[in-house]
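Enquirer: For reference, the structure I am asking about is given below.
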Amino acid sequence: MNERRTILVRYDEIGLKGKNRDQFINRLVKNIQMQMKDLEGLKFKVPHGRIFIHCSQESSEECIRRLQRIPGIASASVGVTRKPEFDALAAVGVEWIEPLIKPGEAFKFCVRTNRADKSYPYKSPEIDREVGSRILGQLHSKGLEVSIKEADFILEIEIGQDETVVFNNRAPGLRGLPVGSSGDILGLISGGIDSPVALYRMMKRGCRAHGIFFDNRPFMGRGGYDKVVKLSKLLNGYQGKSKLYVVPFEDIQVAIRDFCRPAHRVVLYRRMMYRIAQAVAQQKGCLALATGESVGQVASQTIENLNAVSDVVTLSVFRPLIGMNKQEIINEARELDSFDISIEPHPDCCSVFMPPRPATRAKIADLEEDETKYPWELLMLEAMGKMETVDLDDLTT
Amino acid sequence: MIYLDNAATTPMDPEVIDAVQESMRIDFANSGTVYSLGLDVKQRLEDAENQIRESLFIPPSHKIIFTSGGSESNNLFIKGYAFPDRKLACLGLEHPSVTQTLEAFRELGNDPISLLDLQTEGRLDVSNLSQLKKEKVRLLCLSHVNNELGSVNDPTLILQALAEQSPQTRLFLDGVQAVGKLKLSPAMWQGLAGYSISGHKINGPKGVGLLVVEGKIDLKPQIHGGQQQHRLRSGTLPVPLIIGLALAIKKSVVKAADTIKNNQKLARHLVSKLKSLAEGLPELELQFNSSLSEDLSRQSPSIVNFSFAPVEGEVILHHLEEKEIFVGLGSACSAHSKEPSKILTGIGLTPEEARCSLRISFGTQSTLANVDAFVEAFGEAYRQLYSTFNRKTTHK
């Protein structure tokens, strides 16, 4: 049987918005349509702020799988559309519940109705009762009982102005805001565990998160680059239309290593990364930077060093992991599916660039003095001139 | 492209590719079936096995077991022979598929013995093997040719020393770096308990290798199933790969004398070019980790390993890669994996010397011009990188 299915999409925080609510909903609908453009036979309906997708029974599972990866959705349910008549609604309940009852065993159910269409002549508890008693009437002799608190099966009914849907499942979504509703940002991405999670968090706040990667070739092999492309592709799967900017960083690192105080190296590298990221962000219309830094995680992430790094940029730097501990970040990387890629053993920095004793509290005046010792403006322009842009939508498989 | 990492793997010989392809088309039947289609395939399998026997002079006293490659052969023999409590020893400079297999016996309370104190230039010094007798070692596992250094453990010498000093100790050799690169003596099979060979190191296919095992040895199977291959290694045989392996072995053995002569010429040329590079480049302190001996019972000419502190080998490797020159490395320089090669530190190099090294390994396609191009690119990369790696130039 290939009966048509109706997917009811519940959005998350959009519901809290005021007059621009429609803009948010339209954005979410566009995002959903973009993620599903290759699925055939889908029909979208957006009556009065609700989102319905009509699809075949076959494709409903794939639709749900994809909806669960689109920021801005609280949950989604697959159901069937019926006329808002008690008998028709009860028939669905009987059809679904009957096969689940085992002979000789009690099976408990209840009905829960959400009456979005307030002009409907019955109130929710009345509908619960009317539909529930009809189902019970037909199946009581087989062992069906009603229990609000301990139901084995909850039949849900959503009564809308245009459409009434019956369903019995809720697939949780990512929540947050639809990508694109908060503008574009540029995230510093490495092959590690943290930065993909930081970008993921920004995406869930409605940002389209592009990535910028500082490439160590030819000191390191292509493995690090390949890994970042793989991570960026994964992130793009949640948002679409994002880009990865790859900036060669070797000449800058060599200059810092050769001319500056060893203890300052890492902070000096990061100041250059921030400067370049800001310039690229401004060029590409990104409104802020994002990083995976978390206070105290490594020497370059002390508050003093974070300040020393932020000092070189005027754009806002978002650090969504700033207060998280490593295990929390790892848990989220697993949820994002980036963890297994991040732990692939591709080195991201040659040991020759690492100082034996990195400064944990670099002073800005000292860093500025170091920066008089090498031509950073020139090297920055050269690096940006060699920047490669990877359009992540263009990557196949 | 210049490929000088033939100890890692080799490009497939076009004739071998043709043979594998043809067999893939024709020999699809299961060689274990009883109808004529399967019997034909079985016949071709037996022909391949006989061809391998002839090429390598393997006597009827030894069985041939086809495996997925060198690692499986090493695991099958060592575990199959020694499990659970036969005492094991190795030099400690073998490929991880030997050393890690021995390490796995620790969990059983059977701690393996390392003879690292008895190594010279990466070879086992056979003058005093009394420890083996004292510790009642039943199996000594060695590389025939060391995969990072090219040093040779000469089977005839070792078998003789064992017979004299520790007769209860049998010898197992990992031969994946030896076939086609050295002349195998037909006499070595007498007394040898086991020997492993891999297809892809000799211009053959990946995913196939073999274990030669003395017939009297009661080996315990590691893969159970349909009881193929004398019940020692179950699984339907990959006939096309085996046909490719047989041809690769045959070709490598036929060409062995020429290969050795060519590799000697290449190694000599490489060493002299590197030495003259160092003469004109005072900051380059060359150190050869592989022996420069031309005695084939001591050193395989197919591998040259050298160090050049303070520049890290991996960084040079990636600079060479930019010029499409591919060379080998025993260790990694990443900030995350600071572990240098156990083989190089095992022969006495400091961790820094071990990290600052490269392995050049020749194949049948290698030429003098390849060596020239490598040395030139190496010199250029070294000059470029030296100041960055030389810590004395670092500002305080």
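Enquirer: Say whether the condition of being over 30 Å from B:Y386 (Cα atoms), touching a helix residue (DSSP H, G or I) at 6+ places or on another chain (Cβ under 8 Å), away from every other protein chain (no Cβ under 14 Å) and not aliphatic (A, V, I, L, M) is met by at least one residue in the range A:271-290.
Expert: The answer is yes, given that some residue of the range A:271-290 is over 30 Å from B:Y386 (Cα atoms), touching a helix residue (DSSP H, G or I) at 6+ places or on another chain (Cβ under 8 Å), away from every other protein chain (no Cβ under 14 Å) and not aliphatic (A, V, I, L, M).
Enquirer: Given the criterion under 30 Å from A:Q35 (Cβ atoms), touching a strand residue (DSSP E or B) at 6+ places or on another chain (Cβ under 9 Å) and among the aromatic types (F, W, Y), identify the matching residue among A:F318, A:F249. Full working, then the answer.
Expert: Values: A:F249 fails: under 30 Å from A:Q35 (Cβ atoms).
Residue meeting the stated conditions: A:F318.
Enquirer: Check B:E322, B:E279 and return the single one that is within 14 Å of chain A (Cβ to nearest Cβ), of a type in the set (D, E), free of Cβ contacts under 8 Å to residues at least 24 places away in the same chain and surrounded by fewer than 15 Cβ atoms within 10 Å (Cβ to Cβ). Steps first, please.
Expert: Numbers: B:E279 fails: within 14 Å of chain A (Cβ to nearest Cβ).
Of the residues listed, the single one that is within 14 Å of chain A (Cβ to nearest Cβ), of a type in the set (D, E), free of Cβ contacts under 8 Å to residues at least 24 places away in the same chain and surrounded by fewer than 15 Cβ atoms within 10 Å (Cβ to Cβ) is B:E322.
Enquirer: Working carefully through the options B:V271, B:V311, B:V327, B:V315, find the one that is within 22 Å of B:S151 (Cβ to Cβ) and either within 14 Å of chain A (Cβ to nearest Cβ) or free of Cβ contacts under 8 Å to residues at least 12 places away in the same chain (or both).
Expert: Working: B:V271 fails: either within 14 Å of chain A (Cβ to nearest Cβ) or free of Cβ contacts under 8 Å to residues at least 12 places away in the same chain (or both); B:V311 fails: within 22 Å of B:S151 (Cβ to Cβ); B:V315 fails: within 22 Å of B:S151 (Cβ to Cβ).
The match here is B:V327.
Enquirer: Looking at the structure I just gave you, is B:S297 in the same structural domain as B:P340 (by TED's automatic domain parsing), more than 21 Å from B:G348 (Cβ to Cβ) and among the hydroxyl-bearing types (S, T, Y)? It would help to see each step written out before you state the result.
Expert: Values: in the same structural domain as B:P340 (by TED's automatic domain parsing): yes; more than 21 Å from B:G348 (Cβ to Cβ): yes; among the hydroxyl-bearing types (S, T, Y): yes.
Yes; evaluated as a whole, the condition is true for this residue.
Enquirer: Filter the range B:234-272 for residues that are of a type in the set (K, R) and in contact with a Gly (Cβ under 9 Å, 6 or more places away or on another chain); which is nearest to B:R359 (Cα to Cα)?
Expert: Pass one, the range B:234-272, residues of a type in the set (K, R): B:250-251, B:255, B:261, B:265, B:268.
When the remaining residues are screened for being in contact with a Gly (Cβ under 9 Å, 6 or more places away or on another chain), the result is B:251, B:255.
On the way: B:K251: 25, B:K255: 23 Å.
By that ranking, first place goes to B:K255.
Enquirer: What do you reckon, is B:E22 in contact with a Leu (Cβ under 7 Å, 6 or more places away or on another chain), surrounded by fewer than 19 Cβ atoms within 10 Å (Cβ to Cβ) and either at pLDDT 95 or above or on the phi > 0 side of the Ramachandran plot (or both)?
Expert: On the way: in contact with a Leu (Cβ under 7 Å, 6 or more places away or on another chain): no; surrounded by fewer than 19 Cβ atoms within 10 Å (Cβ to Cβ): yes; either at pLDDT 95 or above or on the phi > 0 side of the Ramachandran plot (or both): yes.
No, not satisfied.
Enquirer: For the subset of the range A:227-268 comprising residues that are of a type in the set (S, T, N, Q) and more than 14 Å from chain B (Cβ to nearest Cβ), which member is farthest from A:C350 (Cα to Cα)? Write out each step before concluding.
Expert: Quick first cut of the range A:227-268, residues of a type in the set (S, T, N, Q) only: A:232, A:236, A:239, A:242, A:253.
So of that shortlist, the ones also more than 14 Å from chain B (Cβ to nearest Cβ) come out as A:232, A:236, A:239, A:242.
Values: A:S232: 22, A:N236: 28, A:Q239: 32, A:S242: 29 Å.
Per the criteria, the residue is A:Q239.
Enquirer: So which pairs qualify, if the first residue must be in the range A:280-299 and in a helix (DSSP H, G or I), the second must be of a type in the set (F, W, Y) and modelled with pLDDT of 95 or more, the Cβ gap must be under 6 Å, and the two must be at least 6 apart or on different chains?
Expert: Hits for this filter: A:V280/A:Y245.
Enquirer: Please enumerate the residues belonging to the range B:91-134 that are more than 18 Å from the chain's Cα centre (by Cα) and on the phi > 0 side of the Ramachandran plot.
Expert: Initially, the range B:91-134 is screened for residues more than 18 Å from the chain's Cα centre (by Cα), giving B:103-118, B:120, B:125-134.
Within the range B:91-134, B:G109 is the sole residue that qualifies.
Enquirer: Suppose we keep only residues that are assigned to a helix (DSSP H, G or I) and either free of Cβ contacts under 8 Å to residues at least 40 places away in the same chain or at positive phi (or both) within the range A:327-361. Which one would you say is farthest from the other protein chains (Cβ to nearest Cβ)?
Expert: Step one: list which residues in the range A:327-361 are assigned to a helix (DSSP H, G or I), which gives A:327-336, A:339-342, A:351-353.
So of that shortlist, the ones also either free of Cβ contacts under 8 Å to residues at least 40 places away in the same chain or at positive phi (or both) come out as A:327-328, A:331, A:334-335, A:340, A:351.
Working: A:Q327: 19, A:E328: 22, A:N331: 22, A:R334: 20, A:E335: 24, A:D340: 16, A:S351: 5 Å.
Selected residue: A:E335.
The values are calculated or read from the model by the stated rules, or taken from the named source; none is laboratory data. Given the structure is predicted, the values throughout are model-derived calculations rather than measurements. Neighbour counts run over all protein chains shown; Cβ positions are idealised from the backbone, glycine included.
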